[in-house]
Structure formats: C-alpha cells, structure tokens
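In what follows, a structure is listed as structure tokens, so that the remarks can point back to it.
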Amino acid sequence: MEKITTIKERVLLFAEKQEVSKQDFFKKTGLNYDNFKGKSKNTALGSDSIVDIFTTYPNLNLEWLIAGKGEMLKNPVFENVIEEPKVIYGKKPDNEIMLELIPQEQLQFQTLMEFYLMMGQVITH
C-alpha cells in the first residue's frame, strides 16, 4: 500500500470512505475535485478548505487529516453528517428549545477551536 503523504491525499482517502460519490463529497464540501488530481494534487490545501471539510464532516479527526497521525475518525460510532437541530414547534417553550441547542453550538465552537489550535501546532513544527 502506498503511503499517504499529503493532506489532499488524505482528503481523497476520506472521500472514498464516505457513503457518497466523490462528486457528491466535493459538492457537499464546496471544493473543486480538479484541485485534487494531476499537478494540483501536490499543491497545499488552504485552511478555509479544511474548515469546509470539517464543518461538513465533524467526526473527521483533524490530527489525522493535517498530520497523518491517529485514526481517520474521532469516534467511528457517530455518523459523519451534521444534523439539523430538532425543533418541535408548539411542544416546548422557546427558552427550553434554546437551552437544548446551546450544547450543539458549544461543541461546534470547541471543534473549531481545536482545529485552530492544531493548525498553530502544525505551523510551528
């Protein structure tokens, strides 16, 4: 098996493992597949693109994606999709619904903070 050495190669491997076609993967993430083949495959992947991938697939292990260390997924038990908040109108007062949404927002914030901290570590090493 060929050793995967670039972030773009790891993105391609991750895309292959998803239950969608590569075309759908790149459409979902807003990335252009042409940037992942030929000579473009050897160019750097910008941090905005990494955020786009991670926002779409929050269970992706950023350490694996950026540095090639650890497992591909943070926790293979979870699905690799972002779920819409479950709001049932008329069943709960708005303040209770908002209190349920806070942990989801905190998790997304924490995940983005982990990404930025990891990017800082990769840049300094």
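Quick note: the coordinates plus some simple rules give every number you see, no bench work behind them. Quick caveat: nothing in here was measured; it's all calculated off a predicted structure. Cβ coordinates were reconstructed from backbone atoms using ideal geometry, including for glycine residues, and neighbour counts include every protein chain displayed.
Within the stretch 1-51, the GluC sites (Glu not before Pro) that combine a DSSP coil assignment with at most 10 other C-beta atoms in a 10 angstrom radius are Glu2, Glu19. Counting only Cα atoms, the size of the stretch 1-71 along its three principal axes is 29, 26, 24 Å, in decreasing order. Taking amide H as placed 1.01 Å from N in the peptide plane, the amide H of Leu73 sits under 5 Å from that of Asn61, each at least 5 places away or on another chain. With the cut-off at under 17 Å, measuring from each backbone N in the stretch 1-25 to a point 7 Å along the Cα-to-Cβ line of Glu71 picks out 14, 17-18.
Each peptide in 52-62, 100-110, 21-31 receives the mean, over its residues, of other Cβ atoms within 10 Å, and ordering these scores from highest gives 52-62, 21-31, 100-110. Applying the Karplus relation 6.51 cos²θ - 1.76 cosθ + 1.60 with θ = phi - 60° to the stretch 15-22 yields 3J(HN,Hα) values of 4, 4, 7, 7, 8, 9, 5, 4 Hz, where x marks Gly and Pro. Sequence-ordered 3J(HN,Hα) estimates for the stretch 49-56 from the Karplus curve with 6.51, -1.76 and 1.60 and θ = phi - 60° stand at 5, 5, 5, 4, 5, 5, 5, 6 Hz, glycine and proline given as x.
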